[in-house]
Amino acid sequence: MSIRMSNPRSWLRTVAGAFVLGGLVLSPGLPGAESSTGSAVPNIVILFADDLGYGDLACYGHPSIRTPNLDRMAAEGMRFTQFYAAASVCTPSRAGLMTGRYPIRSGMCSNTRRVLFPNSEGGLPAGEITIAEVLKARNYATLAIGKWHLGHHPQYLPTRNGFDHYLGIPYSNDMDRTADSPRGRQAFLEPKSEYWNLPLIRDGEEIERSPDQTQLTRRYTEEAVKFIQGGGKQPFFIYLAYSFPHVPLFASDAFLGKSLRGLYGDVVEELDWSVGRILAALRDAGLEQNTLVFFTSDNGPWLTQFEQGGSAGLLREGKGSTWEGGMREPAIAWWPGTIQPGGISRDLACTLDLLPTAADLAGATIPRDRVIDGVSLVPLLKGTGPSSRESFFYYRGQQLYAVRKGPYKAHFITKSAYGRDPAVTHEPPALYQLENDPSEQYDVATAHPEILVDIQQEVERHKATLVPAPSQLD
Ligand code: MG
């Protein structure tokens, strides 16, 4: 699964001029540049929810939240049932998506502080190569909107990581409370924007403090739509990372009190509106046949927020844990004319695969001087072949807790998502057959010692490629 490249700095050379790739000579990313498949390069849009659970969309079985736009997107595109986030909490998950590498390789994870906080000094190291940088080298116009959470100091912002422009809050919307805020969860029960001292940043400048959070989804959406409408001849990449449905929950007046599922449902229904608005803007601009849109979430539902947290459906546990509910996500790919409508993929895939997929579509080379853990999903999206991913590693902080290979998942360590319960080490590992037992209820380790041996070998191969980076989060 890992692709190990042996030609240091070759990626940087490709940025400078003409490309020679495996016998193919590619023009240096001018408009109309062709990918290795011979067609014009597509626009790429990633829509990334925050803390949305596997069971929270109507097209994933939620009985009362209405998501007609995401349901339509799935009906016109491809819906994944075994798609994973790179980690079970925000910062490492986003680092994995942006770099195509398990966060243990970039230092964007920690056993002690699980995400970046407003008083953190660190961020995504400058040596990491993001999806935006890969696409920038192919002349894409690039825009980041929303929650970044890969470092809020100037040197770590999106505009230093391959994005031409940025509008958003650089970390979680529950961070940095003001003196007026009620303590603990009390602030979430009747949230007010002034309880949080959040900066809203445009490019590298703070433009507001404590922005009205009821307007965030709308403003993020308008920013994306304006960019689509103003598009020139360049292909573009939009990364829109919503601030919701992470708590505190806020919806605009048009959605507040409208859903059957309380404030959480209102917020998800507004996200659904946003997705519909963006797909409509692409259609109106005549770009739908030349744009891949990918929707997913950074981690599972925050179950300790009770009714303010989402649902992982039939999956066990939620955000923060390496049980399936913490990391398996709703995921929908849409690209009319290229992706067959109405498909359901049960293949193994994850957010690490988005960088190689984007590179493949753009005719860009992926970085060769480092291990990239993702694989291109282009054959799967185009219906020409299955996902080549066979395994997936579940990290909690810097520790490997579980490994999936094929339908089997071995847990070496389990721990509740939050709270002070000690971690439990499993000797032998607990083993679940996820396709037969998606809720991880029936340990079949004693019946399948050969599977445990096979997974152990997978772990040894993985560990041989690992040079853990110093943590940026501690
Ligand atoms: Mg999150």
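Each reported figure results from applying straightforward, stated rules to the coordinates on display, with no laboratory input. Note that the structure is predicted; figures quoted are calculated from it, not measured. When we count neighbours, we look across all protein chains shown, and the Cβ atoms used for this are built from the backbone with ideal geometry, even at glycine.
Amide H contacts for Phe244 (H built 1.01 Å from N in the peptide plane; partners 5 or more residues away or on another chain; cut-off under 5 Å): Asp50.
Using 0.36 nm per residue of separation minus the Cα-Cα distance, give me the extension gain between Asp212 and Asp369 in nm, one decimal.
Values: separation 157, 0.36 × 157 = 56.52 nm, distance 4.34 nm.
Between Asp212 and Asp369, full extension yields 52.2 nm more.
Cross-link reach is defined here as a Cα-Cα straight distance under 17 Å, omitting same-chain residues fewer than 8 places apart; for Lys233 the aspartates and glutamates meeting it are Glu34, Asp164, Asp284, Glu288.
Label separation (Gln229 vs Arg202): 1.6 nm, computed from points 7 Å beyond Cα along the C-beta direction.
Computed from the Cα positions only, the extents of the chain along the three principal axes stand at 57, 56, 44 Å, in decreasing order.
The order of the peptides 77-84, 219-226 by mean Cβ neighbours within 10 Å, most packed first, is 77-84, 219-226.
Amide H contacts for Arg396 (H built 1.01 Å from N in the peptide plane; partners 5 or more residues away or on another chain; cut-off under 5 Å): Tyr401. Note on Val424 and Asn119: the extension gain reaches 106.7 nm, defined as 0.36 nm multiplied by sequence separation minus the Cα-Cα distance. For the range 170-222 and the range 366-419, what is the separation of their Cα centres, given in Å? Here the two parts' Cα centres lie 33 Å apart. Straight Cα distances below 25 angstrom link Lys192 to the lysines Lys147, Lys258, Lys319, with same-chain residues fewer than 8 positions distant left out.
Across the range 448-453, rounded Karplus estimates of 3J(HN,Hα) from the backbone phi angles (6.51 cos²θ - 1.76 cosθ + 1.60, θ = phi - 60°) give 9, x, 5, 5, 5, 5 Hz, Gly and Pro being marked x. Highest mean packing first, where packing is the average number of other Cβ atoms within 10 Å per residue, the peptides 350-363, 102-115, 311-324, 167-180 line up as 350-363, 311-324, 102-115, 167-180.
How many Å³ per residue does the convex hull of the Cα positions in the range 220-313 occupy? Numbers along the way, then the final one.
Working: hull volume 10.6 nm³, N = 94.
In the range 220-313, the Cα convex hull volume per residue is 113 Å³.
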